[in-house]
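S.K.: Here it is, the structure in full.
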Amino acid sequence: PARSDITYFGAGPALLPTDVLEKAAQALLDFNGTGLGIAEHSHRSELAANIINEAKADLATYLDIPAADYEVLFMQGGGTGEFSASVYNLVGAWVARQHAAVLKDLGGSEAADEAAVVAALRTKVETDLKLDYIVTGGWSLKAYQEAVRLLGPEYVNLTADARLENGGKFGKIPDQASWKLSKDAALVYYCDNETVDGVEFPEFPSALAPKADGTGPIVVADMSSNVLSRRIPVANHSLLFFGAQKNLGSTGVTVAVLKKTFLPPTITQPSPALMRKLGLPIPPIVLQYEIVAKNNSLYNTLSIFDVYVAGQVLKKLLSTFPNKVDGQQAVAEKKAEIIYSALEAHPDVYKIVPDKTARSRMNICFRVIKNGTTDESEKAFLKEATGLGLTGLKGHRSVGGIRASNYNSIPLEGAEKLAKLIEAFSKA
Ligand code: PLP
């Protein structure tokens, strides 16, 4: 089939806008009349620096990221790499804060005896170091498991587990009053949109909001599968990150948006020697935010092509929506509403998997229960869909069912086509 015949609902990598790809294809052969393709130019060139800086600025404009307070980093290693990076860097920041407090207690860095400092820090680590994870689906579970793997279970708190209130399955956000938040945790982690389970936080969790005096938990969010689709209260976060391959661009870059107070001069990562004495891990250098920030994302070779594609997607969004992310948010909500309404109209044929209070606008997960034979009905549904050019609808291998990934590049007509099929199939 031709590209124009298909609406691809795959969960990621996702559909990219055709005009962006056409421009990128040309840029691969000859970037701006330089005779060299964009993937061939040096990442150290002025041209590469411009591409990075423009993409950073456009991202900040589109999402209203306060540029004075946040650093945008282009990294590699995907969302999975950020599960590890967030642990390493924020545990390092926690130790740096405790180190400063211990030195103060012991009369300042001149007076303090090194062995006494290390002993005091060891005690603090043993009694106070905690990382909190709100687990609402497969990806936050993986992030939690990575923290346990890197640090050991004694430091990692399963603050909420959505499966406990929902018959052992994901599909609901646990009541925030039941979250067991630690005091002064090194981080509190949540995944804003769970791609596999179709669960999205309806809004920023109020339990994590900063207090009136501006203090509050150190919040980390994985926004890999819903970023750029709705307004984010950036200031409530110390770190948010997302892989490019859903709403931003092509697979190969990951964005971390980090509050500058976690970087020098406010916080400097502890020395590897000190971390070793405390029995805590240090990051591989490519995952150390301080190093990435200091080098404007170019400590090592970065795929400038992928940053370019992301930049072009942002330019397209900015030119399509004068009111920036709010404009895209309205479209995203409308598309999700069209699909969910079609499903809700036939409860005897379709079962929407997650609870209504936590339904994702981006990954719409449902079962076909017609005649009670789910497998057969779902196969038939997928076959019909493919015949109409609606592809990529098979659910994640771990949960089965149907999943319509309704990312930004799915046009309104794409959502309408799917809704029509949902209606027609229910009658067939
Ligand atoms: N977080 C979320 C919400 C995801 O959907 C994914 C991948 O689909 C990841 C993290 C992992 O990303 P990556 O495959 O880039 O490591």
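Coordinate-derived values only; no laboratory data. Computed from a prediction, not measured in an experiment: that's the story for all the values here. Methodologically, a virtual Cβ is constructed for each residue, glycine included, from the backbone with ideal geometry; neighbour enumeration extends over all protein chains shown.
S.K.: With θ set to phi - 60° and the Karplus curve 6.51 cos²θ - 1.76 cosθ + 1.60, what are the ³J(HN,Hα) couplings of the range 138-145 in order, to the nearest whole Hz, using x for Gly and Pro?
M.R.: In residue order, the calculated couplings are x, 7, 5, 4, 5, 5, 4, 5 Hz.
S.K.: Would you mind telling me which residue in L63, L158, L28 has the biggest mean-square fluctuation in a Gaussian network model of the chain, where springs connect alpha carbons within a distance under 10 angstrom?
M.R.: L28
S.K.: Still on this structure: Give me the distance in nm between label points sitting 7 Å out from Cα along the Cα-to-Cβ direction at T357 and E384, one decimal.
M.R.: Roughly 3.3 nm, to one decimal.
S.K.: Residue-wise, which Karplus ³J(HN,Hα) couplings in Hz belong to the range 47-60, taking 6.51 cos²θ - 1.76 cosθ + 1.60, θ = phi - 60°, and x for glycine or proline?
M.R.: Going residue by residue, I get 4, 5, 4, 4, 5, 5, 5, 5, 5, 4, 5, 5, 4, 5 Hz, with x marking Gly and Pro.
S.K.: Right, next: State the extension gain, in nm to one decimal, for the chain segment bounded by V118 and N371, taking 0.36 nm per residue of separation less the distance between their alpha-carbons.
M.R.: Roughly 84.4 nm would be gained on extension.
S.K.: Here's something else I'd like to know. Which of D348, D213, D161 ends up with the largest GNM mean-square fluctuation for the chain, with Cα atoms connected below 10 Å?
M.R.: Of D348, D213, D161, the Gaussian network model singles out D213 as fluctuating most.
S.K.: Please list, ordered by chain and number, the residues whose modelled amide H lies under 5 Å from the amide H of V219; skip anything fewer than 5 residues away on the same chain.
M.R.: V188, S238, L239
S.K.: If I model a spin label at E126 and A424 as a point 7 Å from the Cα along the Cα→Cβ vector, what separation in nanometres do I get?
M.R.: 6.9
S.K.: For the chain, modelled as a GNM with alpha-carbon contacts under 10 angstrom, which of L239, L73, L382 fluctuates the most?
M.R.: Highest fluctuation among the options: L382.
S.K.: Roughly speaking, what is the stretch gain from S206 to E110, that is 0.36 nm per residue apart minus the C-alpha to C-alpha distance, in nm to one decimal?
M.R.: Value of the extension gain: 30.3 nm.
S.K.: In addition: Rounded to the nearest 5, what % of the DSSP beta bridges within the range 51-307 are antiparallel ones?
M.R.: For the range 51-307, the DSSP antiparallel bridge percentage is about 45.
S.K.: Before anything else, pin down the relative contact order of the chain: Cα pairs under 8 Å, at least 6 apart, normalised by residue count, whole percent.
M.R.: Dividing the mean separation by the residue count of the chain yields 24 percent.
S.K.: Just want the answer: with Cβ charges of +1 for Lys and Arg and -1 for Asp and Glu, which residue in L208, G107, S398 is farthest toward the dipole's positive end in the chain?
M.R.: Value: S398.
S.K.: Separate question: Quick one: grab Rg to one decimal and Dmax as a whole number for the range 287-423, Cα atoms only, in Å.
M.R.: 19.0, 60
S.K.: Here is a further query. So how tilted is helix 304-320 from the main axis of the chain? Cα-based, degrees 0 to 90, rounded to 10.
M.R.: Taking the Cα atoms of the chain, the angle to 304-320 is about 60 degrees.
S.K.: I've got another one for you. Considering only DSSP states other than H, G, I, E and B, which chymotrypsin sites (Phe, Trp or Tyr not before Pro) in the range 272-319 qualify as loop sites with at most 12 other Cβ atoms within 10 Å?
M.R.: Answer by residue number: there is no such site.
S.K.: Where the only charges are on Cβ atoms (+1 Lys, Arg; -1 Asp, Glu), what is the dipole of the range 51-307 about its Cα centre, to the nearest 20 debye?
M.R.: 240
S.K.: Determine the distance separating the Cα centre of the range 179-251 from the Cα centre of the range 269-312; give it in Å without decimals.
M.R.: 21
S.K.: Hey, what do the phi angles of the range 393-409 turn into as Karplus ³J(HN,Hα) couplings, whole Hz, using 6.51/-1.76/1.60 and θ = phi - 60°, x for Gly and Pro?
M.R.: Karplus-based 3J(HN,Hα) across the range 393-409 equals 8, 5, x, 4, 4, 7, 10, x, x, 10, 9, 9, 8, 9, 6, 4, 7 Hz.
S.K.: Expressed in nm to one decimal, what extension gain is obtained for the pair N295 and D348 from 0.36 nm per residue of sequence separation less their Cα-Cα distance?
M.R.: Stretched out fully, the N295 to D348 stretch lengthens by 13.4 nm.
S.K.: Amide H of V156: which non-local residues (sequence gap of 5 or more, or other chain) have their own amide H closer than 5 Å, using H built in the peptide plane?
M.R.: It is L131, by chain and number.
S.K.: To continue, here is another question. Using a basic spin-label model with each label point 7 Å from the Cα along Cα→Cβ, how many nm lie between A25 and F321?
M.R.: About 2.7 nm separates the two model spin labels.
S.K.: Of all the C-alpha pairs in the chain, what % are more than 28 Å from each other?
M.R.: Beyond 28 Å sits 52 percent of the P(r) for the chain.
S.K.: Quick check: the angle from helix 412-427's long axis to the longest principal axis of the chain, C-alpha only, nearest 10 degrees?
M.R.: 60
S.K.: OK, next. Quick one: which residues, 5 or more positions from D30 or on another chain, have an amide H under 5 Å from its amide H? H modelled 1.01 Å from N in the peptide plane, none for Pro or chain starts.
M.R.: Close amide H contacts, sequence-distant or interchain: I38.
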